[in-house]
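Below: the structure, in structure tokens.
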Amino acid sequence: MKFLFQMDDPKKININEDSTYMLIKESLNRGIDCYYNDPRWVFSEINKFNKIKSHVSRLSLKKNNQLSYQRKILKEIDLEHMNAIFIRQDPPFDLNYISNTYLLDHLKKTFNFK
């Protein structure tokens, strides 16, 4: 399984208070591949396939339980290959956020938990 977490910088997360950290940690402990992306990294590839893609970085846990990723090693993926996409951003919800949600809305498989 592959989970994508669109969120603020994981290295700045408060591991004692942030529920996103617990979601990622538990997912990693269960053997789920977890990836991080920034909303500015999502884009559409307009051609005969019309794909919604993003640059992502794989998340891991350090020995001190801090989240880690390598921003220099970004991988381009088709977001249709993700099993779940968690949008876990803090305000402000700016134009990047709004544009991003429009793009994500075009994915074929959509999950909306309210």
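The values are calculated or read from the model by the stated rules, or taken from the named source; none is laboratory data. Every value quoted in this text rests on a predicted model; they were computed, and no experiment measured them. All Cβ positions, glycine included, derive from the backbone under ideal geometry; neighbour counts span all protein chains shown.
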Could you go through the range 29-36 and let me know if any residue there is of a type in the set (Asp, Glu) and either out of contact with any strand residue (DSSP E or B) (no Cβ under 7 Å at 6 or more places or on another chain) or over 22 Å from residue 77 (Cα atoms) (or both).
no
What number of residues within the range 51-71 are without any contact (Cβ under 8 Å) to a residue 40 or more places away in the chain and either outside any strand (DSSP E or B) or over 20 Å from residue 97 (Cα atoms) (or both)?
8
Name the single residue, out of those in the range 25-53 being modelled with pLDDT under 95, crowded, with 18+ Cβ neighbours inside 10 Å and among the hydrophobic types (A, V, I, L, M, F, W, C), that is farthest from residue 68 (Cα to Cα).
52
If we keep just the residues of the range 41-50 that are in contact (Cβ under 8 Å) with a residue 60 or more places away in the chain and of a type outside the set (Phe, Trp, Tyr), which is farthest from residue 8 (Cα to Cα)?
44
Starting from the range 79-93, take each residue that is over 15 Å from residue 42 (Cα atoms) and touching a residue at least 12 places away in the same chain (Cβ under 8 Å) and list its partners that are basic (Lys, Arg) and part of a strand (DSSP E or B), counting only C-beta distances under 7 angstrom and pairs at least six apart or across chains.
83/2
Condition broken by residue 21, with the remaining ones in (1) in contact (Cβ under 8 Å) with a residue 12 or more places away in the chain; (2) of a type in the set (Phe, Trp, Tyr); (3) surrounded by fewer than 18 Cβ atoms within 10 Å (Cβ to Cβ) satisfied:
(3)
